[in-house]
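Below you'll find the structure, written out as structure tokens, and then a few comments.
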Amino acid sequence: MSRLFRSVLIGATALATLAGCATDQGVRTVGQRPEALDTTEASLWYQMDQMEESLLTSGRLLEDPALNAFVTDLVCRIGGEYCADIRVYVLDSIDFNAMMAPNGMMLVNSGLLLRASSEDELAFVLGHEMAHFVENHALEQRNANRNAAVTAAIVGSVISVGVAASTGVAPGQGYSGTSGSIATALAYGGAFSYSREREAEADRIGVELIAEAGLDPTAAPRIWTNLLDELKASDDERRARRADRGGMYRTHPLIQQRIDTLSEQTASMAMIEPRTAELDAVVSPHLKDWLDAQIALRDYGSSLFLIDRRLETGGHEGILHAARGRVLAMRGEEGDREAALAAYQAATQYDDVPADTYRLMGEAYRQAGEPAAAATAFTTYLELDPNARDARLVERLIETLSGENS
């Protein structure tokens, strides 16, 4: 998780610290907006509206019509009459997360789409966020703060420091007005830190919503089981500890407890054949980029878990084997170089093998002292991608390797 997101989580902790008992706001009505402009509710809506405007020009949204239409249609299928109140944005962020703001702005991270094995699993997370929206949880949590102005100042200052830490810009320098709101908007998923009771209620309602929509309710414990297994596989000790501490934030139920509760709730519900085709179709164009972003985190255990799980489900073998080779090559433990080369070779057996796999394979052969094989791999890379940015460098490598082989 980035420094910016960590800072927002600190801000969320501050919110929870200042929280008292919130008044139950009840279920929202369709089209609901605050009437009195001098209320805490109006203040919260105004902040979210400003953040949404900033988000639209942030450059962090995935502007893929098919992907956005798919997610929006799924939200509307779950949300029913509330669909008209919601605007869905897919955020280019590898973190497993989604967020529903009280003004109707929903953010869905690419990291969630990468990890969802089926439309049903994705639908449960979206249903959970819809429950927060319909039940007015954000407003209830905000009303629990004894002093909204003090809370806003604390969160604002923490986010400001987070921006400085992640960008090198000192607080108060270069982040004012709209530009400051961009960073806030991108990180605001962590600022809605609900009580465990509200999280449990959102889980329960989320299951009911997807069941009513004709989707598989048993997907609910399944997506959390997969996340728990990923956390346990993680090489990042802080991330792995969440498997025991639980959830995205401390206020969330422990993950195993969450799985047990959802399993109990869905035990008597009929399992429906998981839907994968439509989700796979909209994720496919982005799969390599999202895997690249995941691999860049250098959490080798988590990355290998994700890749191997997707390999088990079938499809995209060229992309996935190539990604597996990259992880192993980066990790560099005993036997990893040979395993990486085997993964690259496996990737070349499939039509969707990325062109840069041959460059990586050429480098692996070069390090293994096989110049002829390296030159062949590099040559294939340039044949597949003649306009590659490193084309001249690779051409010189081929010349050098051919000389070594002569």
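The values are calculated or read from the model by the stated rules, or taken from the named source; none is laboratory data. As the structure is a prediction and not an experimental result, all values here were calculated from the model. Positions of Cβ are backbone-derived with ideal geometry, glycine not excepted, and every protein chain shown enters the neighbour counts.
Based on what the data block shows, is residue 74 outside any loop (DSSP other than H, G, I, E, B) and surrounded by 21 or more Cβ atoms within 10 Å (Cβ to Cβ)? Yes; evaluated as a whole, the condition is true for this residue.
For residues that are among the hydroxyl-bearing types (Ser, Thr, Tyr) and within 21 Å of residue 307 (Cβ to Cβ), scanning just segment 217-237, find the one that is modelled with the lowest pLDDT. If we take residues in segment 217-237 being among the hydroxyl-bearing types (Ser, Thr, Tyr) and within 21 Å of residue 307 (Cβ to Cβ), then 234 is modelled with the lowest pLDDT. Hey, can you tell me all the residues within segment 353-373 that are on the phi < 0 side of the Ramachandran plot and more than 36 Å from the chain's Cα centre (by Cα)? 368, 370, 371, 372, 373, listed by residue number.
Of the residues 392, 309, 326, the single one that is surrounded by fewer than 17 Cβ atoms within 10 Å (Cβ to Cβ) and under 27 Å from residue 281 (Cα atoms) is 309.
Within segment 328-350, not a single residue is in the same structural domain as residue 396 (by TED's automatic domain parsing), under 28 Å from residue 403 (Cα atoms), in contact with a helix residue (DSSP H, G or I) (Cβ under 6 Å, 6 or more places away or on another chain) and part of a loop (DSSP other than H, G, I, E, B). Selection of segment 79-117 for residues being in a helix (DSSP H, G or I), modelled with pLDDT of 95 or more and of a type in the set (A, V, I, L, M) yields 112, 113, 114. Of the helices (runs of 4 or more DSSP H) that lie entirely inside segment 256-326, those containing 1 or more residues that are of a type outside the set (Ser, Thr, Tyr), outside the structural domain of residue 61 (by TED's automatic domain parsing) and within 20 Å of residue 231 (Cα to Cα) span 287-295, 300-313. When segment 262-306 is limited to residues that are touching a Lys or Arg at 6+ places or on another chain (Cβ under 9 Å) and among the aromatic types (Phe, Trp, Tyr), the one that is surrounded by the fewest Cβ atoms within 10 Å (Cβ to Cβ) turns out to be 305.
Evaluation of residue 48 against the conditions (1) closer than 21 Å to residue 203 by Cα; (2) modelled with pLDDT under 90 shows that the sole unmet condition is (1).
Inside segment 85-135, can you point out the residues that are in contact with a strand residue (DSSP E or B) (Cβ under 6 Å, 6 or more places away or on another chain) and closer than 22 Å to residue 314 by Cα? Answer for segment 85-135, where residues must be in contact with a strand residue (DSSP E or B) (Cβ under 6 Å, 6 or more places away or on another chain) and closer than 22 Å to residue 314 by Cα: just 112.
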